[in-house]
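Comments concern the structure below.
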Protein chains: 2
Amino acid sequence: MLGVIMDAPGEIRVDERENPTIEEPTDAIIKIAATCVCGSDLWPYRGIEDVDHAPMGHEYVGTVTEVGDQASTVKVGDFVVGSFFASDNTCEICRAGYQSRCVHAEPMGAIGTQAEYARVPHADGTLVATPGQPDADLIPSLLAASDVLGTGWFGAVAAEVGPGKTAAVVGDGAVGLLAVLAAQRLGADRIIAMSRHADRQALAREFGATDIVTERGDEGVARIKELTDGLGAHSVIEAVGTQESMMQAIRSARPGGHVGYVGVSHDVELPGMELFFSEIHLHGGPAPVRRFLPELIDLIWKREIDPGKVFDLTLPLDRAAEGYRAMDERRAIKALLSV
Amino acid sequence: MLGVIMDAPGEIRVDERENPTIEEPTDAIIKIAATCVCGSDLWPYRGIEDVDHAPMGHEYVGTVTEVGDQASTVKVGDFVVGSFFASDNTCEICRAGYQSRCVHAEPMGAIGTQAEYARVPHADGTLVATPGQPDADLIPSLLAASDVLGTGWFGAVAAEVGPGKTAAVVGDGAVGLLAVLAAQRLGADRIIAMSRHADRQALAREFGATDIVTERGDEGVARIKELTDGLGAHSVIEAVGTQESMMQAIRSARPGGHVGYVGVSHDVELPGMELFFSEIHLHGGPAPVRRFLPELIDLIWKREIDPGKVFDLTLPLDRAAEGYRAMDERRAIKALLSV
C-alpha cells in the first residue's frame, strides 16, 4: 500500500509500505477513506522534534476490512472514526474519561495513518462506528472529529467553558478554531478569538467568535483584560504550545479562571511563583478524544456542526508533500488527504 | 503596643509599634487574642525572601475594639476570625470564591498581626464573627482557621478530594497535616500522608491519614503508585512549595487526577512537556480562606474538628523569637503566640 514517510525534517515521501495485518486478537484493519496533516506533524517537519524515516499520520476515518478474534463490537464494513491514541476504553483511566492515557494506550502516530490502510489496536475501545455509511460531504467533519475537533473540544471542556462565561482562544490553527466552535456549543456568552489572519478570523466568526483580538503577548493580554472589566476571561483555551502562548493564556485568565491547554508543549517552563499567584486552574494534555466521539459524531451526523470547514486544502494521498508545505508556510489551515 | 519585627533574616525583635487607627471608613481595629508563626514566615527568616525591618504576622483572632463609619456588619465586642488577605467579599472575584485575589485585596502580612492590635481593612468582608465569645480551648482552632486550616482545606478542595478517592499529601507541616484533616472531612476513602517525622505521622493519623509514606522524590512517587494499582492518587495536595515537592505531587497523581498546591512556590519551574503528558489538573495559589471560614468556624464551634492540635508550642508574644527558632529547627510544628 501507499503511505507517507518523513525521511528527515522537511522531507516527505509517499511510498510503498507493507500492508498491515492483524497482530493482536483485539486489532482491526481499516481501509482509510481520508486522513490529514496535523499541526503537530509540523514539529518534526520543522526539525523541532527528531524524525528518521517515520511513517506519518494519526488522524483517520475509514471502513473496517478485517477484525481480530476478540474484536466483538466493531464489524467488517462499519464506517469508523478513531482517535490518535488507541485505548481499551475499559480501564479505570478510560472510564474516568482519560482514554489518551489508557493503561494500554498506543499512539496511532507510530502506526502512521497517512496511508491506504491502518491497523487499529483495541478496536472495540478505539473505534466508534457512524450510524450508517456517511454522505461524502460529511467525511471532512468526521475526520476532524478524529483529532482537531476532539482536541479543541477537550480544550474548551478543560477550560470549563459554559453559559455566563467569557472564553478566549489563543491560537488560530485548526484546533484553536474548533475550540471556538466548541465554546459556542458549550454555551459561552462571549468568545474572543486571538488571530491576525483575515481568513482565520472569518472562520472563527463563522464558528461563533464574538470578538477578535489581533494583538499578542502582553498587548494581547491587555486587550483581553479591557474586554473583561479588567479581570480576564473565565476560560482560556491554549492551542499552540509555546512559552509565549502558554503565558499569554495564563495571564489572560482571571483569578479562579480555567486554562485548558492542548497545544503540545515545546520548550515550555512555567514559572511557579507567577502560576501560584495567578490562582488559575490549569488542565490539558493530549486530548482524550474518544470521550467525546459519540457526541461529536452525533452532532456532525445531524449536521448541527460543520468542523470540516477547517480543511481548506484537499489533496490525494500521493501529493501529501504539498499539504505539509502549504501548512508549514501557513498557506493552508489544514490539509485533507483523500485516499 | 508590642509587635514582632524581623530586622533581617534570623533577627526577630518584639518591640513597641505604633497603635493602629482607623484609616478607611471600612476598617476595623481588633485587639488580638492569639496569633502565630507561619511556615511562610520562615522564607524571609531563612533569607530566601528579602526582609528589612518588617512587621510580621498575618494570622489572627481577636475582639473588635473600633469600627469605621462604613463597617456595618462587624460590631465592637465581636470575637472575629479573618484571613491573611483582607477582601471586600463583594467583587466578582470574591463572589466566585477567590477572596485572596479580591480586586481590593490587601495582604495582612504588610500590616503585621504578630502584635497586640491590628487594623483590618474591608472589615465587613474580611472578618467573620464567632457565634459568641469562645471558650479558651477553642482559640487555637479558631486561629488555625485563619490560615493553615483554611489553606489545607483549599488544597483539598482544589485537589477535588471526595468519596471514592485516594488523596495523598506532600508536606507534613501544619498546612499538610490540616490538608489531611480536610481530606478526611471531605470524604476521601484513603489518605496517604508523606512524612518522615514520627510526631507528625502520629498527628496525621489522628487527623485521618490511613497510610504513611516516608520516602521522598522518585521513591515517594513509586510508593504512591504501589498503593494505587500503579495509577497514582486521584487527589494530591502539595503543601511545601519547592521544585522537588511540586514534581513529587504532579508525578503522584494519576492521569486526569487533581493536584491542589498551596505551598508558596519558590524557585519552581514546571516543565511544560512533562506537565502536558501528565494530564493532571493543577490548581492552587494563596488560599481564599474567607470562602471557607463560616463552615470551618461552625465545625470548630461544634467541636467536630480540632485543628488547633497543630500548635505544639505556645509562647507569650514577647517570646516570639523562640517560636521562630523552634519552627526553623523543626522542633515545633507551629508556634502560637498568646497576646
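Every number in this text was worked out from the coordinates using simple rules, so none of it is lab data. Just so it is clear, the structure is predicted and the values come from calculations on it, not from any experiment. Positions of Cβ are backbone-derived with ideal geometry, glycine not excepted, and every protein chain shown enters the neighbour counts.
Which of the three applies to the stretch A:102-161, rounded, prolate or oblate, going by the alpha-carbon gyration tensor with a ≥ b ≥ c and a/c under 1.5 meaning rounded? Write out the running numbers ahead of the final one.
Values: a/c = 1.73, a/b = 1.10, b/c = 1.58.
Here the stretch A:102-161 falls in the oblate category.
For B:Lys334, list the lysines whose Cα falls under 27 Å from its own Cα; do not include residues on the same chain fewer than 8 positions away.
B:Lys31, B:Lys302, B:Lys309
What number comes out for the charge environment of A:Thr21, summing +1 per Lys or Arg and -1 per Asp or Glu over other residues with Cβ under 12 Å away? Can you show the working numbers first?
Values: positive: A:Arg119; negative: A:Glu18, A:Glu23, A:Glu24, A:Asp27, A:Glu66.
Once all neighbours under 12 Å are counted, the net charge is -4.
What is the sum of charges, Lys and Arg at +1 and Asp and Glu at -1, for the other residues whose Cβ falls under 11 Å from the Cβ of B:Met108? Kindly include the intermediate steps, with their values, before the conclusion.
On the way: positive: B:Arg119; negative: B:Glu59, B:Glu106, B:Asp147.
Here the charged neighbours net out to -2.
If I take every Cα pair under 8 Å that is 6 or more residues apart in the stretch B:95-205, average their sequence separation and divide by the length, what percent do I get for the relative contact order? List each step's numbers first, then the result.
Working: 102 pairs, mean separation 21.5, N = 111.
This gives 19 percent for the stretch B:95-205.
Defining a contact as two alpha carbons under 8 Å apart and six or more residues distant in sequence, what relative contact order in percent does the stretch B:144-297 show? Walk me through the numbers before you get to the answer.
On the way: 380 pairs, mean separation 42.2, N = 154.
That works out to 27 percent.
Assign one of three labels to the stretch A:148-261, namely rounded, prolate or oblate, based on the Cα gyration tensor with a ≥ b ≥ c the square roots of its eigenvalues; rounded applies when a/c is under 1.5, prolate when it is not and a/b is larger than b/c, and oblate otherwise.
On the way: a/c = 1.26, a/b = 1.10, b/c = 1.14.
Judged from the Cα gyration tensor, the stretch A:148-261 comes out rounded (a/c under 1.5).
Sticking with the crude label model, points 7 Å out along Cα→Cβ, report the distance from A:Thr65 to B:Glu49 in nm, one decimal please.
6.5 nm
Could you tell me what percent of the DSSP beta bridges with both partners in the protein assembly as shown are antiparallel, to the nearest 5?
Working: 64 of 114 bridges.
Here the share of antiparallel DSSP bridges comes out near 55 percent.
Go from 0 up to the bin containing the longest alpha carbon distance in chain A, width 10 Å each, and give me the % of pairs per bin.
Over chain A, the share of Cα pairs per 10 Å bin runs 6, 27, 34, 23, 8, 1 percent.
Based on the Kirkwood radius over alpha-carbon pairs, what value in µm²/s does the Stokes-Einstein equation return for the translational diffusion coefficient of the protein assembly as shown at 20 °C and 1.002 mPa s? Don't jump to the answer; show the numbers that get you there.
Values: Rh = 26.7 Å.
The calculation lands on 80 µm²/s.
Within the stretch A:195-222, list the residues whose amide N lies under 20 Å from a label point set 7 Å along Cα→Cβ of B:Val103.
It comes to A:221-222, nothing else.
Work out, step by step, the length gained on full extension between A:Glu219 and A:Ala110: first 0.36 nm times the residue separation, then minus their alpha carbon distance; give nm to one decimal. Display every interim value, and only then the final one.
Working: separation 109, 0.36 × 109 = 39.24 nm, distance 3.95 nm.
Using 0.36 nm per residue and subtracting the Cα-Cα distance, I get 35.3 nm.
List, in order, the whole-Hz ³J(HN,Hα) value for each residue of the stretch B:33-45 obtained from phi through the Karplus relation with A = 6.51, B = -1.76, C = 1.60 and θ = phi - 60°; use x for Gly and Pro.
For the stretch B:33-45, the Karplus curve yields 8, 7, 9, 7, 9, 9, x, 6, 5, 6, 4, x, 4 Hz.
Placing a label point 7 Å from Cα toward Cβ, how far apart in nm is A:Thr214 from its equivalents in the other copies, listed shortest first to one decimal?
List, nearest first: 6.5 nm.
Let me check against my output: what whole-number percent is the relative contact order of the stretch B:21-151, with C-alpha pairs under 8 Å and at least 6 apart?
Details: 295 pairs, mean separation 42.9, N = 131.
So the answer I get is 33 percent.
In terms of Cα to Cα distance under 18 Å, which aspartates and glutamates are near enough to A:Lys225, apart from those fewer than 8 places away along the same chain?
A:Asp189, A:Asp211, A:Glu215, A:Glu238, A:Glu244, A:Glu274, A:Glu279, B:Glu92
When the helix-only estimate is applied to chain A (DSSP H runs of n ≥ 4, each -39,500 (n - 2.57), divided by the residue count), what is the mean residue ellipticity at 222 nm, nearest 500 deg cm²/dmol?
On the way: 12 runs with 102 residues, N = 339.
Dividing the helical sum by the residues of chain A leaves -8500 deg cm²/dmol.
Once the label point is set 7 Å along the Cα-to-beta-carbon vector, what list of distances in nm do you get between A:Asp135 and its counterparts in the other copies?
Label-point distances to the other copies, shortest first: 7.5 nm.
Is the shape of the stretch B:279-335 best called rounded, prolate or oblate, per the rule: a/c under 1.5 gives rounded, else a/b larger than b/c gives prolate, else oblate, with a ≥ b ≥ c the square roots of the Cα gyration tensor eigenvalues? Intermediate values should be presented prior to the final figure.
Working: a/c = 2.43, a/b = 1.39, b/c = 1.76.
Because a/c hits 1.5 or more and a/b fails to exceed b/c, the stretch B:279-335 counts as oblate.
Equivalent-ellipsoid semi-axes (√(5λ), Cα gyration tensor) for the stretch B:1-92, whole Å, largest first?
Over the Cα atoms of the stretch B:1-92, the ellipsoid semi-axes are 27, 15, 12 Å.
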